1. Does B:His144 satisfy the criteria of being surrounded by 20 or more Cβ atoms within 10 Å (Cβ to Cβ), within 14 Å of chain A (Cβ to nearest Cβ), of a type outside the set (Val, Ile, Thr) and not in a loop (DSSP other than H, G, I, E, B)?
2. Given the residues A:Ala83, A:Ala12, which is the only one that is away from chain B (no Cβ under 12 Å) and either surrounded by 10 or more Cβ atoms within 10 Å (Cβ to Cβ) or modelled with pLDDT of 85 or more (or both)?
3. Being in contact with a helix residue (DSSP H, G or I) (Cβ under 9 Å, 6 or more places away or on another chain) and either under 13 Å from B:Leu12 (Cβ atoms) or of a type outside the set (S, T, N, Q) (or both) is the filter here, so list the residues in segment B:256-268 that pass it.
4. Is it the case that B:Thr379 is more than 21 Å from B:Val119 (Cα to Cα), at pLDDT 95 or above, outside the structural domain of B:Arg200 (by TED's automatic domain parsing) and polar (S, T, N, Q)?
5. I'd like to know if segment B:82-101 contains one or more residues that are more than 14 Å from chain A (Cβ to nearest Cβ) and of a type in the set (Ser, Thr, Tyr).
6. Can you tell me which condition B:Gly358 does not meet? The list is (1) within 21 Å of B:Ala201 (Cα to Cα); (2) surrounded by fewer than 18 Cβ atoms within 10 Å (Cβ to Cβ), and all the others hold.
7. Hey, among B:Ala468, B:Ala494, B:Ala486, B:Ala448, which residue is small (Gly, Ala, Ser) and surrounded by 18 or more Cβ atoms within 10 Å (Cβ to Cβ)?
8. Given segment B:293-398, what helices (runs of 4 or more DSSP H) lie entirely inside it while holding 2 or more residues that are among the aliphatic types (A, V, I, L, M) and within 18 Å of the chain's Cα centre (by Cα)?
Amino acid sequence: MALTPEDVAKLAALARIDLTGEELQHLAPQLEGILEAVASVQQVADADIPPTSHALPLTNVFRPDEVRPSLPREDVLAGAPAAEEDRFRVPRILGEEA
Amino acid sequence: MSAAVMDYDEALAAFDPVMGLEVHVELSTASKMFCGCSTAFGAPPNTQTCPVCLGLPGALPVVNRTAVESAIRIGLALNCSIAEWCRFARKNYFYPDMPKNYQISQYDEPIAFDGWVEVDVDGEPFRIEIERAHMEEDTGKSLHVGGSTGRIHGASHSLLDYNRSGVPLIEIVTKPITGAGARAPEVARAYVAHLRDLLRALGVSDVRMEQGSLRCDANVSLRPDPAAPLGTRTETKNVNSLRSVERALRYEITRQAALLREGTPVTQETRHWHEDTGTTTAGRSKETAEDYRYFPEPDLVPVAPSREWVEELRATLPEQPHLRRKRLLAEWGYTELEMRDVVSSGALELIEQTVAAGCAPQAARKWWVGELARRANETGSELDALPISPAQVAQLQQLVEAGTINDKLARQVIEGVLAGEGEPAEVVESRGLAVVSDDDALGAAVDAAIAANPDVAEKIRGGKVQAAGALIGAVMKQMRGQADAARVRELILARLG
């Protein structure tokens, strides 16, 4: 599978990572190497081997529907980059109406 | 800058609409989907958050059992199959409404799939296929500051309240809805109304569109004819009432038709419905599913509902709304047409409760679909939001049947109850609305009416009994509508017969 610098640029944009052209050239073959390694695992994984997403053989881990105390608002907003009117303040959002 | 639209009938003559509806339902659990924070609506901002729903490092989600039960019950009520094994997935995107930078949702393994519902469109059944119903978490609420209208456009910055982030959400997705033709917007409205009734009967959600606990995203595309491949669709968001569902689709159909007619392709995008202008405007170009880079949520183990559990939950399902309507139609002796009016005015449950409070079904229908529906219309409120209870309506009808008031006075009593003047009997008392059946008072009024209308009196003496109506009317007028009409008639005939 050939990963182009354009593919990496798209991934970087989705992950909000700002990469220079030089870095894209540098990372594309590295990512390709990772994909090749995964592909070799896939060769072993036949149709009779279910894909694994979790290391523990557990299902149905639930909690009862009970309210527990929330954090005090001062603590919550202490972690915000900026706060205003008891809310998290973020830079203006471009590209979408909401 | 409102775009050109085509006349609706013209658009429907030229194109066949295909819809897809995505309905989000906030569950009415006490706590959030993956943490113990309260879900109560209207709390001060950021007072119902914790490390899990704020996405703080190291916090681990745990699934709310009641939310899973509600999801399964919803799936069963939609005639879906329930997955024997399914996982949650991360939907990755950068937007400040989710502090984690991903939303926990379900991707290719929804808890419920392949169902159907039959909705009532103007008395005719219309079957809608359900693709899936899956579990996810709601996002926080943004407030845009500095723009003139509170919208993003022109805003200087945004403020986030994460109380809603992590509230359990079920997304119900239809398969493409074809064959609705010109009725497409009505079908969509009927479908959302059907879901609302069904979810309310299940008791899993408040289903309040105005509070956002039931939200609809409406996808629509046009094609030249039913045999043609599907056209490019748009997804309209911010559709927050039944009426808006219908209006937004109607508008979007006429907008797309105008574009296609002039040879401009429709852009696949998210659009926003504006209630005030009755139009939609373009939002972001839609991301493709790949862009969300879904992968199985590593912090949550799979959900594998045993068949025994599913059957236990099936046993808790309420009567299906359409079967309930059929049963009540028979019990109450309504005609199909009467029942349709009752359902479309949202009076079914109110009448059921009024009848349970001892009122005759026809009388209950008359009040709710007549006078009370008229008043709800006037004030622009929903029927069930009027400040009068089914028990009060039943009491009102008792007063009519006891002869204390007549229908005309009853309307004034309703006015008093709606104005907060108390129970119907109290309003009768305080406003002095009781019918007069006292012979002395009525007799004087009857004598005066006869004296004022000698020619009418002569006709009655001559045997034309039906002329008595004119005299009854005169007495009523004199007594400001508070005379017992039957007694007045007897008194007139006794004097002139």
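1. Yes: the conditions hold for B:His144.
2. None of the other options fit; the residue is A:Ala12.
3. Once the filter is applied, which keeps residues that are in contact with a helix residue (DSSP H, G or I) (Cβ under 9 Å, 6 or more places away or on another chain) and either under 13 Å from B:Leu12 (Cβ atoms) or of a type outside the set (S, T, N, Q) (or both), segment B:256-268 yields B:Gln256, B:Ala257, B:Ala258, B:Leu260, B:Arg261, B:Pro265, B:Val266.
4. no
5. no
6. Every listed condition holds for B:Gly358 apart from (1).
7. Of the residues listed, the single one that is small (Gly, Ala, Ser) and surrounded by 18 or more Cβ atoms within 10 Å (Cβ to Cβ) is B:Ala468.
8. Passing ranges, in order: B:336-344, B:348-356, B:373-379.
The values are calculated or read from the model by the stated rules, or taken from the named source; none is laboratory data. Predicted model only: the values in this text are computed from it and were never measured. Please note: Cβ atoms are built from the backbone with ideal geometry, for glycine as well, and neighbour counts cover all protein chains shown.
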